[in-house]
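Note sheet for the following structure.
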Amino acid sequence: MNDNKKVLTYCPNFYKIIEFKPIEGDEITKSIIKMYKIVDNTIKVKKVSIIIPIYGVELFIERCAISLFEQTLDDIEYIFVDDCTMDKSVQILQGIIAKYPQRKDNVFIIRHERNKGLASARKTGLKFVHGEYVAHCDSDDWVDVDLYEKMYTKAIQAKADIVVCDLKDVYQTHSVIHYNPEFCFNAKETIKR
């Protein structure tokens with residue numbers, strides 16, 4: 001498994017480089033490893049892994065999942081973490097997955113045994129990424145269909161560990177765009193300075 005994870009994000013608050021270290025005896029680790037073995041004994045490293053926490057988003061998960069499954073970048077892994085949602089978010093997601101058979105083998109739904117909160121759901125997802133880069137997408141958000149291809153291409157061109165893009169908040173009456181200057185971050189170059 002690739003231990004050198006990098007971050008693609010449209011959320012400018014998350015810039016952590018990830019390492020995978022399975023926890024001995026951890027139930028989530030055991031269940032995911034078992035699930036991966038059922039799906040495919042050899043897990044290919046993906047270009048991008050996207051972690052999507054799920055809790056109480058039945059009104060939004062469809063638009064989110066469609067925007068993710070219609071990405072122009074093909075080599076993506078989707079890790080949905082069900083944080084014991086009590087609504088129909090997971091059932092809606094499963095219906096959307098069925099409409100995208102070309103993505104099905106790269107979609108994983110992990111269920112927490114009890115509600116642990118957003119940060120724990122993200123942390124659980126980080127344990128199981130196989131992407132060269134990692135992105136987080138909230139399940140009530142949606143993204144442009146070429147977002148991850150553009151960010152991945154920029155990351156490779158710039159040899160960046162982190163790439164950030166603009167963010168648009170959409171309200172019922174208006175939208176607000178948060179512009180980020182072109183931002184690529186390479187930890188090795190920064191450390192040298």
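As a summary of the residue check, residue 136 satisfies the conditions (1) of a type outside the set (Gly, Ala, Ser); (2) under 27 Å from residue 177 (Cβ atoms); (3) open to solvent by 50 Å² or more (accessible area, probe 1.4 Å) except for the one numbered (3). Please work out if residue 68 is buried (at least 22 other Cβ atoms within 10 Å of the Cβ), touching a residue at least 12 places away in the same chain (Cβ under 8 Å) and not basic (Lys, Arg). It is true that residue 68 is buried (at least 22 other Cβ atoms within 10 Å of the Cβ), touching a residue at least 12 places away in the same chain (Cβ under 8 Å) and not basic (Lys, Arg).
Here residue 175 meets the list (1) polar (S, T, N, Q); (2) in contact with an Asp or Glu (Cβ under 8 Å, 6 or more places away or on another chain); (3) at pLDDT 90 or above almost entirely, failing just condition (3).
Before we move on, is residue 82 out of contact with any Asp or Glu (no Cβ under 6 Å at 6 or more places or on another chain) and under 18 Å from residue 163 (Cα atoms)? It is false that residue 82 is out of contact with any Asp or Glu (no Cβ under 6 Å at 6 or more places or on another chain) and under 18 Å from residue 163 (Cα atoms). When the range 157-177 is limited to residues that are charged (D, E, K, R) and closer than 22 Å to residue 64 by Cα, the one that is most open to solvent (accessible area, probe 1.4 Å) turns out to be 168. Among the residues of the range 98-118, those that are under 16 Å from the mean Cα position of the chain (by Cα) and either touching a residue at least 60 places away in the same chain (Cβ under 8 Å) or farther than 16 Å from residue 57 by Cα (or both) comprise 103, 104, 105, 106, 107, 108, 110, 118. Does residue 84 count as in contact (Cβ under 8 Å) with a residue 24 or more places away in the chain, of a type outside the set (S, T, N, Q) and either open to solvent by 80 Å² or more (accessible area, probe 1.4 Å) or touching a helix residue (DSSP H, G or I) at 6+ places or on another chain (Cβ under 7 Å) (or both)? No; evaluated as a whole, the condition is false for this residue. Do we have residue 150 as closer than 17 Å to residue 79 by Cβ and open to solvent by 80 Å² or more (accessible area, probe 1.4 Å) here? Taking the combined requirement at face value, the residue does not satisfy it. For the range 88-100, a tally of residues being of a type outside the set (A, V, I, L, M), out of contact with any strand residue (DSSP E or B) (no Cβ under 9 Å at 6 or more places or on another chain) and open to solvent by less than 40 Å² (accessible area, probe 1.4 Å) returns 1.
Each row is one residue, and each column tells you yes or no for (1) at positive phi; (2) modelled with pLDDT of 90 or more; (3) open to solvent by 50 Å² or more (accessible area, probe 1.4 Å).
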site	(1), (2), (3)
102	no, yes, yes
107	no, yes, no
111	no, yes, yes
120	no, yes, no
123	no, yes, yes
126	no, yes, no
146	no, yes, no
155	no, no, no
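Looking across the range 41-52, the residues that are open to solvent by 10 Å² or more (accessible area, probe 1.4 Å) and either in a strand (DSSP E or B) or touching a Pro at 6+ places or on another chain (Cβ under 7 Å) (or both) come down to 46, 47.
The values are calculated or read from the model by the stated rules, or taken from the named source; none is laboratory data. Quantities reported herein were computed from a predicted structural model and do not represent experimental measurements. Don't worry about glycine lacking a Cβ; one is built from the backbone with ideal geometry, like all the others, and counts go over all protein chains shown. Only protein heavy atoms, including side chains, enter the accessible area calculation; ligands, DNA and RNA are left aside. Shrake-Rupley method; radii C 1.70, N 1.55, O 1.52, S 1.80 Å.
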